[in-house]
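Here is the structure we will look at, set down as structure tokens.
The values are calculated or read from the model by the stated rules, or taken from the named source; none is laboratory data. Here the structure is a predicted model, which is why all the values come from computation and not from measurement. Here the Cβ positions follow ideal geometry from the backbone for every residue, glycine too, while neighbour counts run over all protein chains shown.
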Amino acid sequence: MLPSIILVVFYSVLKVHSSNNNLIKYEVAFESSNNVQTLSRTVINANSDFFRVTIKENLPELRKGMLNITQLENLQMNNVNLQYMETGVFDNQNISHISLVGNKLTRIQSKMFNNLPTKTLYLGDNEITVIEKGAFMNMLQLYMLILSENKLTQISSGYFVNTPHISILDIGFNRITKIEEGCFGFMTEEDLTIRINHNAVDEIHPTGFENLNIMQLCLIENLIRDVPEELFTKNKIEMLQLDYNQVEELPDAFYGVNSTVEKLMLRSNPLKCETVEKLLEFSEKSGSSCFLDQDCYTRCRLN
């Protein structure tokens, strides 16, 4: 009889220990007050009473059934060693802003965020190398996507399906080498901000930025030598940042009467003196701002 009792007690202790291992510790901030409460549950529950949910300890995996969020403004899962998210984990969730920064995600699967009413999605500072087709699908309210500080080698319009309102896209500090044909065709909003700084881009396809209305295009610190004329003839660009590249000259289309560039940054480029002179003349006539190294003036004897 005694061995049976010991076995039952051992099983009970094991069951409790296993249950405790499955608990998720998270902090909730309430909409109506400054109160913050720490909870430990097997499922993260949130409703309209909550303003923010913050995961407070390591969570290597996020699987289906671990979220039950009927309405939430902010979900923060930053620096929690998150390595894997199961497709479907966000199905039927209602979250306005999601931050998954500083984790160890390597892949974003197809339909991972399907039908989410999320407005801003932060995926920066992970280890993402692969984004599958349709990873961002039917996200009708998404306007800002941050993918900076990952290990991406390309960007494709195929990642995005029915995401009509993305207006801010940050893919800086990755390993992208080429701007492919029509890869930003999914961006149809006005006054876009596109950041591709600190990559290894050495080629821009003539239609890479076709038919876009861009407020800021940041290409700082890449390996760009040739800037296609289509960048200026098939788009509207207000601010173009090309600092720390290999640009020697710009196409004639930049200086044309239809040029829309109001601010051009070209510091730390091996510009030809002829280009420097043309830029200064264009800036004076058009009223646009052109930012060059002081060295350009002395080297080209323009002081």
Subject >> Every residue from the stretch 114-154 that is over 24 Å from N81 (Cβ atoms), buried (at least 20 other Cβ atoms within 10 Å of the Cβ) and in contact (Cβ under 8 Å) with a residue 40 or more places away in the chain >> reply: none
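Rundown of residues vs (1) surrounded by fewer than 16 Cβ atoms within 10 Å (Cβ to Cβ); (2) touching a residue at least 40 places away in the same chain (Cβ under 8 Å); (3) within 21 Å of the chain's Cα centre (by Cα), yes/no style:
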site: V28; (1), (2), (3): no, no, no
site: D49; (1), (2), (3): yes, no, no
site: T54; (1), (2), (3): no, no, yes
site: N58; (1), (2), (3): yes, no, no
site: Q71; (1), (2), (3): yes, no, no
site: Q76; (1), (2), (3): no, no, yes
site: Y84; (1), (2), (3): yes, no, yes
site: G102; (1), (2), (3): no, no, yes
**OP:** Those residues that are at pLDDT below 95 and of a type in the set (S, T, N, Q), I need them from the stretch 44-66; list them, please.
**Re:** N45, N47, S48
**OP:** Would you be able to tell me the number of residues in the stretch 86-100 that are in contact with a strand residue (DSSP E or B) (Cβ under 7 Å, 6 or more places away or on another chain) and without any contact (Cβ under 8 Å) to a residue 24 or more places away in the chain?
**Re:** 0
**OP:** Enumerate the pairs (first residue in the stretch 206-235 and part of a loop (DSSP other than H, G, I, E, B); second residue anywhere and surrounded by 17 or more Cβ atoms within 10 Å (Cβ to Cβ) and of a type in the set (K, R)) with beta-carbon separation below 8 Å, excluding pairs fewer than 6 apart on the same chain, so at least 6 apart or on different chains.
**Re:** L212/K236
